[in-house]
1. Restricting the search to the stretch 597-626, which residues are in a loop (DSSP other than H, G, I, E, B) and either at pLDDT below 90 or open to solvent by less than 10 Å² (accessible area, probe 1.4 Å) (or both)?
2. Specify the residue that is nearest to L269 (Cα to Cα); the eligible residues are those in the stretch 204-245 that are over 23 Å from the mean Cα position of the chain (by Cα) and of a type in the set (G, A, S).
3. Looking for whichever is surrounded by fewer than 18 Cβ atoms within 10 Å (Cβ to Cβ), of a type outside the set (G, A, S), assigned to a strand (DSSP E or B) and modelled with pLDDT of 95 or more here; the options are R568, R556. Which one fits?
4. Find the residue count for the stretch 407-426, including only residues that are assigned to a loop (DSSP other than H, G, I, E, B) and either of a type in the set (S, T, Y) or modelled with pLDDT of 95 or more (or both).
5. Test R430 against the criterion of being within 25 Å of V389 (Cβ to Cβ) and either modelled with pLDDT under 95 or crowded, with 16+ Cβ neighbours inside 10 Å (or both), and give yes or no.
6. State all residues of the stretch 471-520 that are among the acidic types (D, E), within 15 Å of Y457 (Cα to Cα) and over 29 Å from the mean Cα position of the chain (by Cα); if no residue qualifies, say none.
7. Among the candidates D387, D401, single out the residue that is among the charged types (D, E, K, R) and within 20 Å of the chain's Cα centre (by Cα).
8. Just to verify a result, which residue in the stretch 325-362, among those that are buried (at least 21 other Cβ atoms within 10 Å of the Cβ) and acidic (D, E), is nearest to G378 (Cα to Cα)?
Amino acid sequence: MDVDAGPTRHAAPVTPAGPDPAGDHAVPVAVPDHAVPVPPAPVTGSTGTVLPGTDPVDMTLARIALPDTTPADITPTDTDPVDTDPVDLAPTDTAAGGVMTDGTVGSVDGGIHHDTDPTATTTVGDPPGPPPSPGRAVPANPVTTEDRPTPPDRATGTDPATTEDRADTTERAAAAGPTAGTPAESRDAATPRQADPEQVLAGYRWRLDPETLREVVDDPAELRIIRRRLTEKLASALDNRARARLLSLRAVLSRLVDDLDDAVADGRLALTYAEATGELRRTALARARLAEALRWKGEFTEADRLFTEANSTELPDRLRSALHEHAGRSCYDQGRLIEACGHFERALDLRRADDPELTGRIAVCLDAVHARAAAGGGFGPYPRSRDEVRHGRRSPRPTHDGQGRWGYADTDGELVVDYRYVEAQPFHERMAWVRRPDQTGWELIDETGGTLLGPAYARVLAFSDGLAWVSQGGDADWSAIEPDGTVVVPAGFEEVRPFRAGVAAVRRGGWGAVDRHGRLVVPPRYHGIDTTLSDGRRLDGFTDEGLAVVELAGRRGVLDRTGAVLVRPVHPALVVHPVAFLVGDGMNHWGALDRRGEPLIPPVHPDWDTVVAEIERLLADTHPVL
């Protein structure tokens, strides 16, 4: 299990039916944990792109017009899986950690890694051993080999990649990494046949083609060997987490060797497994890897939607940075150059520490944008909203006639729903609540003004997660309905909050939570449910990841969407971080817990921003593989 891929919980393995979409091997079939694995599919795809996260270096849109301002001496970060940041931290201890390509700290996706049994979904393994000697591989642990692969031996140092002349676009591309499509570590240390394929993939650094903004692959045969090794690992993958990770990485490899149909097939299957885990980061990675394969196939509508859905503000910044970088490349392919530049800027803004690899790649991207715009094509259409990317268009917005009536207008200002309402809420999930002047109740309309539900409710909340809370006006009669009016959560609540991640906070005496099937998953015994995120935002209820901060007698703890207590309510202050929980003692002393609720950073810091910076230090040199 990846402890930091989300709250610990059992997820029933998904068992897709039918032939394998890749066409030449059997679909891996889910089996109960610790059972004999079903041999999975022979490999057909290509290797993964390693996309390090980085720090902004004042790279703005003006950078497009300044092709000669790339920072000199761009040096790839050290990428030895053995020498990445500590894992399983105690307040005063560090242990050497391995690099993985999925959701752990010391991993390429940015989480805090704990030794775990790859065959189990909830059992934490033995604590890590002492740090390895420099320049040596970590001995394989039979319990942890699946989720913390053994890296190859490597050279003790890497010469910085330097250039003297940055004016040429091709030289910018070379500055974005060492040799194209080759591991950053010594090529003589281990071959793809000898080393763990995830370790080899994590060690790759790529340069981009300055015109297509695709990774340059020098040796497709080597990537096919790594892909075959991933398939061998897939044979012993016993749970949905491992299957999601390995299949999506195989999709990356298939894309890079131009086996795009196989890449998309593996990507879709990986997403099915990832969604079954209910883990935010794992699902985001699967979506992004599938999106990149679709981008290479030219299927931009679905690719852009997946990139957008993957990029939750609750993810680690380094992963969000990589998602914006790849979304920007997709926009570039479509001639949406303004939108592409926005993504590239955001990728830089999300990083706090200098990352010359990201800087080099973004420089290549911005030069490509400049060249395409200068060639006469312009900068393309105005950037789309998130809603427009997800649904293909923007919903009409409420507009007032100045005489007490509301209607709805499209993005061009054209009236699409007449001025006939005295109250009109914005559209959510393509539906809006409105009230006519001769009615006391709210009715539900679609984007053309057509009535979906008559004026039957005195109070309403917007649709969220496919459900809306409605009330007849009583003191404790809130119920949840579907768009056709079907009641899924019976009336009986005094206060309610919107559904998120399949659950909603409710009050009936005390605060608890119900799921979308009407089951009370958290008994209403808490004094409050008020979740604060590390970026300062406050949520009414649960996060996208399915976590909520609860309060009991002035003390705070954390529950997941199943009602399981992850952190007991004993802390005066508690904030949800993408890979940890920040806790305060009420006297301006802040520390952190890991996602198991165990101490990670002692409460000795003056504010939570300092703790966040400490976590960032522990996460250094992780590179999301998309």
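The values are calculated or read from the model by the stated rules, or taken from the named source; none is laboratory data. If you're wondering where the values come from, they're calculated on a predicted model, not measured in any experiment. With ideal geometry, Cβ positions are generated from the backbone for all residues, glycine too; neighbour counts draw on all protein chains shown. Just the protein is used for accessible areas: all its heavy atoms, side chains included, with ligands, DNA and RNA removed. Shrake-Rupley method; radii C 1.70, N 1.55, O 1.52, S 1.80 Å.
1. Pass one, the stretch 597-626, residues in a loop (DSSP other than H, G, I, E, B): 597-598, 606-607, 619-624, 626.
Listed by number, the residues that qualify are L619, A620, D621, T622, H623, P624, L626.
2. Looking at the filtered set, the residue picked out is A235.
3. Details: R556 fails: surrounded by fewer than 18 Cβ atoms within 10 Å (Cβ to Cβ).
Of the residues listed, the single one that is surrounded by fewer than 18 Cβ atoms within 10 Å (Cβ to Cβ), of a type outside the set (G, A, S), assigned to a strand (DSSP E or B) and modelled with pLDDT of 95 or more is R568.
4. Just the residues of the stretch 407-426 that are assigned to a loop (DSSP other than H, G, I, E, B), to begin with: 410-414, 422, 425-426.
Among the residues that remain, those that are also either of a type in the set (S, T, Y) or modelled with pLDDT of 95 or more (or both) are: 411, 422, 425-426.
The number of residues fulfilling the criteria is 4.
5. On the way: within 25 Å of V389 (Cβ to Cβ): yes; either modelled with pLDDT under 95 or crowded, with 16+ Cβ neighbours inside 10 Å (or both): yes.
The answer is yes for R430.
6. Of the stretch 471-520, the ones among the acidic types (D, E) are 475, 477, 482, 484, 494-495, 515.
So of that shortlist, the ones also within 15 Å of Y457 (Cα to Cα) come out as 475, 477, 482, 484.
The answer is D475, D477, D484.
7. Numbers: D401 fails: within 20 Å of the chain's Cα centre (by Cα).
Being among the charged types (D, E, K, R) and within 20 Å of the chain's Cα centre (by Cα) holds for just one of D387, D401, which is D387.
8. Here is the first cut: in the stretch 325-362, the residues buried (at least 21 other Cβ atoms within 10 Å of the Cβ) are 325-332, 336-337, 339-341, 343-344, 347-348, 350-351, 355-362.
After this cut, where a residue has to be acidic (D, E) as well, the list is 325, 339, 355, 357.
Details: E325: 21, E339: 13, D355: 30, E357: 28 Å.
Ranking the candidates gives E339 first.
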